[in-house]
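Notes follow once the structure below has been shown.
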Amino acid sequence: MSFELDYDELVHLDAEELAETGIGEAYESLLPKLRQYVQQPARIEELIDNEAPRYSVRCGARVFVIYAPGLDDEGGRSWGRATFAFFTIVNDQLASTSYRFYAINGGNDLGGMFLTPAQAEAAKKTLPNKTDWPYLPKHEHPWYGQHH
């Protein structure tokens, strides 16, 4: 199967913006597309304490801490945690569908695209640079699931 990514379908996210209390806004803007795959998208709650400082996001019973006192943020770890949290929240909801929300690129160039696993694998064959491959973010510093 030959498949090329349609970058017109890319949802621009920017990991830095996600990490700087931007997950709620990004999720709200994704909802129209998410509703094409999930009838009732989950509600999320941002928990922001500027005094601490602490930022976390709750979806159902899961809480994702993006930054907090004593939590290592060296090397952009909050960006990685925010990326992991955002994609996990979306992909947990897609579990009963044939689609997943794949990350494309990372950092300030982070985006997401709804693809089937077969489409993601086929797209890899058309992309010579592994860092351009679609991936499902993991909670693993430093690459967070991105191919390198």
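Numbers below:
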item	result
Residues (of a type in the set (A, V, I, L, M) and within 26 Å of Y67 (Cα to Cα)) located in the range 95-136	A103, I104, L110, M113, L136
Residue within the range 48-57 that is open to solvent by 20 Å² or more (accessible area, probe 1.4 Å), within 27 Å of R77 (Cβ to Cβ) and of a type in the set (A, V, I, L, M, F, W, C) present	yes
Pairs, first on the phi < 0 side of the Ramachandran plot in the range 66-89, second part of a loop (DSSP other than H, G, I, E, B) and open to solvent by less than 20 Å² (accessible area, probe 1.4 Å), C-beta under 6 Å, six or more apart	T83/P137; F84/P137; F87/P137
Unmet requirement for A118, which otherwise passes all of (1) at pLDDT 95 or above; (2) over 15 Å from E4 (Cβ atoms); (3) not in a strand (DSSP E or B)	(2)
Test: residue in the range 11-32 that is surrounded by fewer than 14 Cβ atoms within 10 Å (Cβ to Cβ) and assigned to a loop (DSSP other than H, G, I, E, B)	no
Residue in the range 36-52 that is of a type outside the set (A, V, I, L, M), closer than 25 Å to P134 by Cα and outside any loop (DSSP other than H, G, I, E, B) present	no
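The values are calculated or read from the model by the stated rules, or taken from the named source; none is laboratory data. The model shown is predicted, which means the values in this text are computed figures rather than measured ones. Here the Cβ is made from the backbone with ideal geometry for all residues, glycine too, and neighbour counts use every protein chain on show. The accessibility values were calculated without ligands, DNA or RNA, using every heavy atom of the protein model including side chains. Shrake-Rupley method; radii C 1.70, N 1.55, O 1.52, S 1.80 Å.
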